[in-house]
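Just below is one structure, and these are the notes that go with it.
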Ligand code: NAD
């Protein structure tokens, strides 16, 4: 059986303790590889290597850093079919999604920050009394990057690329649930000639590896994407050590459909924003609010489209939804569907586990599920489910839908469908979220600030925001 290895100081190696974890293929429910169950000893080795590499990498000319990172981007492009197949097998997502979204975006992340760093500049402030201030932005040192399972290589590289571009060295931990493409990335980094120790990838459990990264005194900043509870744990441990923190956490995003929307566009996109990646995207719109005058029409058309979605094994070209990521996650999602019914909801379509046949009989598949008739304050409408489950709720006024949209502890993303631009801008101002999409969803420009408000996170990723996060800012004041 294949063994995934840690990538420390430029080498692929087993964990110090020689302990291993099973890695399960969600499409079949079978163990298909093993990953290191690393601990603080491996993180210590990785940090030591990163500290040493920092002495050189931090002063390596930007153009050279950029060249190596671009080489990594080219190799991701070259190996796209292999990486997409690995991502789909590891995560359960349809192969076509991994081929068209996950891996191209991982390539773009490296390319974007490889070139972005060439354009990164800092401010100067001239003073009237013959003095000038300028801002120096220097790399921080060793930084930690911890990422989740839903968009494995996509989110892993979204953190690593700006950190490396800015001149830092990295100790990174992918999710133990989906480690495979991070392992393949380590092979790519070796092939690209990334100097040893610049990037270190330590595999294992959050409470061991993630915790050791959070607590290590030499790791000066943590960029984390994952659940809100984990973010709170990391924040509590990192705060007394005064580490810089970027936290991208959970969401419960509203998708608001006004009667004056372009109906067909809103309908088609809402099916995607509800069920893409089996609903396991932090940006999915899981609460759909529909203006009452079109509620029945939208509901019926939506359910009809959802009924046409195909749940199948990930390599099936006809699969709209593949497997959810793990058995415990499948059970969690199914328990929320049960809860929704206990809370008075009506399941309009879906609601059950899907049992495929043959090799896939023990995989983790769930029907895309649409529920109506729930109070907007009930648990189903307040807690993050992170699966193929959406609720439909009618509203009568802008004021009412804003109250409902803003009622959760989260504030990551939102979508508004209306042809009335004035109303759209008014809504955009008042929705409590880091991202508002108007008449679109998941349209991403990598230069824009990305992140959430309230319990969806602290800080912003993307573009120069990320480069600012991964640099230390110093003001130099010169009297002329
Ligand atoms: P998770 O919080 O369970 O795990 C995320 C990562 O943190 C994993 O690598 C895990 O091993 C590690 N971890 C776990 N416990 C840790 C600890 N005590 N210390 C340090 N690290 C620890 O999240 P998940 O289940 O992998 O991912 C799903 C969650 O991620 C959802 O809540 C989703 O909304 C969120 N998410 C947010 C964004 C965003 O951009 N805001 C993007 C994707 C996913």
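Values quoted throughout were computed directly from the atomic coordinates according to the rules given, and no laboratory measurement underlies them. Every value quoted in this text rests on a predicted model; they were computed, and no experiment measured them. Heads up, the Cβs are rebuilt from the backbone with ideal geometry, glycines too, and the neighbour counts pull from every protein chain shown.
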### Message
Suppose the filter is surrounded by 20 or more Cβ atoms within 10 Å (Cβ to Cβ) and in a loop (DSSP other than H, G, I, E, B); does residue 50 pass it?
### Response
no
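Search the range 382-400 for residues being within 16 Å of the ligand (Cβ to nearest atom) and not in a helix (DSSP H, G or I), and hand back the single one that is surrounded by the fewest Cβ atoms within 10 Å (Cβ to Cβ).
The residue in question is 383.
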### Query
Restricting the search to the range 340-368, which residues are touching a residue at least 40 places away in the same chain (Cβ under 8 Å) and not in a loop (DSSP other than H, G, I, E, B)?
340, 348, 349, 354, 359, 360, 365, 366
### Message
What's the total number of residues in the range 310-333 that are part of a loop (DSSP other than H, G, I, E, B) and either within 16 Å of the ligand (Cβ to nearest atom) or under 24 Å from the mean Cα position of the chain (by Cα) (or both)?
### Response
11
### Task
Identify the single condition in (1) within 26 Å of the chain's Cα centre (by Cα); (2) more than 29 Å from residue 32 (Cβ to Cβ) that residue 336 does not satisfy, given that it satisfies every other one.
(2)
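Can you name the strands (runs of 3 or more DSSP E) wholly within the range 401-480 that have at least 1 residues being more than 16 Å from the ligand (Cβ to nearest atom), in contact (Cβ under 8 Å) with a residue 60 or more places away in the chain and in contact with a strand residue (DSSP E or B) (Cβ under 6 Å, 6 or more places away or on another chain)?
By residue number, 413-417, 471-479.
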### Task
Considering every residue within the range 19-28, establish whether at least one is within 21 Å of residue 216 (Cβ to Cβ) and surrounded by fewer than 23 Cβ atoms within 10 Å (Cβ to Cβ).
yes
### Number of the exception - residue 140 against (1) under 13 Å from residue 466 (Cα atoms); (2) touching a helix residue (DSSP H, G or I) at 6+ places or on another chain (Cβ under 8 Å)
(2)
